[in-house]
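The next block holds one structure in the form of structure tokens; read it before the comments.
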Amino acid sequence: MMIGVRDLVIDELRAVAAVPNGLDRNVLVRIQDSIAADVIYLYREQLEQMMRRQEVAGLPAAIAKQERQDFFAERLNLEYRNRAANGQGFSLPLYVESAKNFYHLEIRRHLQQVQDYLVHGRAVNELNAGAESIRELRARDPSLNALAHKVAGGLNAINETLERLSRVQTGAAAQVSRELRREMRDGLVELQEDQFANSLLSEAQMLAGVQRMSNELEEGGNSLKVR
């Protein structure tokens, strides 16, 4: 996408994202991306003409980029308004369907992170046979510690987003949230092959709890350092 993968430029979607405790910005960007792909195709000739004109004129890179972004944002909003006029604009059912697809990919990505964490944990354990706990292994290996924190952060992020999804005021949202939770739970069960894997996952879950507590304290004006 020409704008920037995390930018929202469709006016209505920006307004939706600005609502306090509103919908997930990442899902709104995904909705925008589906329209952006069509806009690039529909206006590809005009975009190519603009880029050739910019090259001939010798525009500075920053100015040329801003001109392209303005052009694209204008056409993106125009295409969205045309779709909205035909009943194809933003809606909660569209959001829930987009969220389902987005979170499905996020869960797969998270499960891959968990798998990487377990593989690395086994390797570290073989090199540190005298370690008495996963915490000690984390202290000896910064990479394992980093992976454990990443897994913990991913676990919290997915749980928080699925909780928010379940509160969307549409009948399908709660059902989709339950299905995605079951998908993540089943994926984790498949990775719990033995007691050591369970120990690694338990350590990540403990860190996830500490991270949540830390966030709650920071929001209340306090701080808890996670080590």
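The values are calculated or read from the model by the stated rules, or taken from the named source; none is laboratory data. Bear in mind the structure is a predicted one, so any value in this text is a computation, not a measurement. Note that we place each Cβ from the backbone using ideal geometry, even for glycine, and neighbour counts take in every protein chain shown.
Computed values, structure above
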| read-out | value |
| --- | --- |
| Residue check, LEU162 crowded, with 19+ Cβ neighbours inside 10 Å and either in the same structural domain as ALA197 (by TED's automatic domain parsing) or of a type outside the set (Phe, Trp, Tyr) (or both) | yes |
| Residue list for the range 169-194, restricted to those being loosely packed, with under 13 Cβ neighbours inside 10 Å and either in a loop (DSSP other than H, G, I, E, B) or among the polar types (S, T, N, Q) (or both) | GLN169, GLU193, ASP194 |
| Count of residues meeting criterion [assigned to a helix (DSSP H, G or I) and free of Cβ contacts under 8 Å to residues at least 24 places away in the same chain] in the range 56-77 | 11 |
| Residue selected from the range 77-99 under the condition over 17 Å from ASP11 (Cβ atoms) and touching a helix residue (DSSP H, G or I) at 6+ places or on another chain (Cβ under 9 Å), by the criterion surrounded by the most Cβ atoms within 10 Å (Cβ to Cβ) | ALA99 |
| Any chance GLU74 is out of contact with any helix residue (DSSP H, G or I) (no Cβ under 8 Å at 6 or more places or on another chain), outside the structural domain of TYR41 (by TED's automatic domain parsing) and either surrounded by fewer than 17 Cβ atoms within 10 Å (Cβ to Cβ) or under 16 Å from GLN32 (Cβ atoms) (or both) | no |
| Residue list for the range 18-59, restricted to those being buried (at least 16 other Cβ atoms within 10 Å of the Cβ) and of a type in the set (Gly, Ala, Ser) | ALA36 |
| Top-ranked residue in the range 135-159 [being closer than 28 Å to ALA99 by Cβ and hydrophobic (A, V, I, L, M, F, W, C); ranked as surrounded by the fewest Cβ atoms within 10 Å (Cβ to Cβ)] | ALA157 |
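Residues are listed down the side, and each one gets a yes or a no for (1) at pLDDT 90 or above; (2) under 26 Å from ASP116 (Cβ atoms); (3) basic (Lys, Arg):
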position	(1), (2), (3)
LYS150	yes, yes, yes
LEU155	yes, yes, no
ILE158	yes, yes, no
GLU163	yes, yes, no
GLN169	no, no, no
GLN175	yes, no, no
GLU179	yes, yes, no
ASP186	yes, yes, no
LEU191	no, yes, no
